[in-house]
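The structure appears below as C-alpha cells.
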There are 2 protein chains.
Amino acid sequence: MEISELQSALRRTYYKRDAKRGRDATFRWLTEEVGELAKALRRGEHDELELEFSDVLAWLASLANLTGVDLEDAMARYADGCPKCERSPCGCGFVR
Amino acid sequence: MEISELQSALRRTYYKRDAKRGRDATFRWLTEEVGELAKALRRGEHDELELEFSDVLAWLASLANLTGVDLEDAMARYADGCPKCERSPCGCGFVR
C-alpha cells in the first residue's frame with residue numbers, strides 16, 4: 001500500500017469526524033495511542049504490538065489530513081538514506 | 001512509496017544504530033518527536049509541520065523494525081474502511 005493510499009483511505013473513512021473533533025483533540029487521541037503502544041511494548045505480545053502500531057499510524061495520518069500535510073511528500077526525505085548525509089547506512093550520526 | 005519500502009529504507013539507514021540504542025530508548029525518541037509535532041501544530045508553519053510528521057513516522061518505522069512489526073501488514077486493516085464496521089465513511093462511531 002502506498003503511503004498516499006493509506007492517507008486517502010483514512011480521509012474517506014474518518015475525515016468528517018476528525019474535522020468535527022478538531023486538531024487538538026485528534027492530537028490527544030494520537031498521544032493516547034502512543035501510550036497504548038508503550039503498554040504493548042512492555043507486554044511484548046506480537047499481535048497487540050501490531051495493532052497498536054497500526055492505530056498510531058492511523059491517527060498520525062488523520063492528523064496529517066486535518067493539517068494539510070501529505071505524508072508521501074513528507075517521507076520523501078527518508079526514501080534514499082539519511083536526510084542529512086544522504087547515505088544508507090547513515091554515516092553522520094544524525095539523530096532524526 | 002509503499003509503506004514497506006519506507007520501512008526497508010529506514011532499516012537500511014538506521015537499524016544498526018537503533019538496535020544498539022534499543023527499544024526503550026528508541027521509543028523515547030519517538031515520544032520526543034511527538035512533542036516536536038505538538039510544537040509544530042501550535043506554531044502552524046507548514047514546512048515545520050511536514051518535517052515533524054516525517055520524523056514521527058520515521059521513528060515509528062524504526063521501532064517497528066526493532067520489534068519485528070511489518071507496518072504494511074499492520075495497516076491492512078485500514079485499507080478498505082473502518083476495521084470495525086468495514087464501511088467508508090465509518091458508520092459505527094468506532095474510535096480507533
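The values are calculated or read from the model by the stated rules, or taken from the named source; none is laboratory data. Quick caveat, the model's predicted, so the values are computed rather than measured. Counting neighbours? That spans all protein chains shown, and the Cβs are built from the backbone with ideal geometry, glycine included.
Among the residues of segment B:38-51, is any more than 24 Å from A:Glu72 (Cβ to Cβ), touching a helix residue (DSSP H, G or I) at 6+ places or on another chain (Cβ under 9 Å) and surrounded by 18 or more Cβ atoms within 10 Å (Cβ to Cβ)? No, segment B:38-51 contains no residue that is more than 24 Å from A:Glu72 (Cβ to Cβ), touching a helix residue (DSSP H, G or I) at 6+ places or on another chain (Cβ under 9 Å) and surrounded by 18 or more Cβ atoms within 10 Å (Cβ to Cβ). Taking the criterion of being surrounded by fewer than 17 Cβ atoms within 10 Å (Cβ to Cβ) and more than 7 Å from chain A (Cβ to nearest Cβ), the residues of segment B:81-94 that qualify are B:Lys84, B:Cys85, B:Glu86, B:Arg87, B:Gly91, B:Cys92, B:Gly93, B:Phe94. A count restricted to segment B:56-96 and to residues that are under 11 Å from A:Phe53 (Cα atoms) and hydrophobic (A, V, I, L, M, F, W, C) stands at 9.
Please verify whether A:Glu33 is crowded, with 19+ Cβ neighbours inside 10 Å, modelled with pLDDT of 95 or more and either at the interface with chain B (Cβ under 9 Å from one of its Cβ atoms) or out of contact with any helix residue (DSSP H, G or I) (no Cβ under 6 Å at 6 or more places or on another chain) (or both), treating the condition exactly as stated. Answer is yes for this residue. When each of B:Ser4, B:Ser62 is tested for being of a type in the set (S, T, N, Q), modelled with pLDDT of 95 or more and surrounded by fewer than 18 Cβ atoms within 10 Å (Cβ to Cβ), the lone residue that passes is B:Ser4. If you check A:Leu57 against the conditions, is it touching a residue at least 40 places away in the same chain (Cβ under 8 Å), assigned to a helix (DSSP H, G or I), within 22 Å of B:His46 (Cβ to Cβ) and facing another protein chain (nearest Cβ under 7 Å)? Answer is yes for this residue. Only one of A:Glu48, A:Glu52 is within 14 Å of B:Ala61 (Cα to Cα), more than 8 Å from every other protein chain (Cβ to nearest Cβ), in a helix (DSSP H, G or I) and without any contact (Cβ under 8 Å) to a residue 24 or more places away in the chain. Can you tell me which? Selected residue: A:Glu52, the only one of A:Glu48, A:Glu52 that is within 14 Å of B:Ala61 (Cα to Cα), more than 8 Å from every other protein chain (Cβ to nearest Cβ), in a helix (DSSP H, G or I) and without any contact (Cβ under 8 Å) to a residue 24 or more places away in the chain. Checked against the criteria, A:Ala9 does not count as surrounded by 22 or more Cβ atoms within 10 Å (Cβ to Cβ), in contact with a Phe, Trp or Tyr (Cβ under 8 Å, 6 or more places away or on another chain) and either in contact (Cβ under 8 Å) with a residue 12 or more places away in the chain or not hydroxyl-bearing (Ser, Thr, Tyr) (or both).
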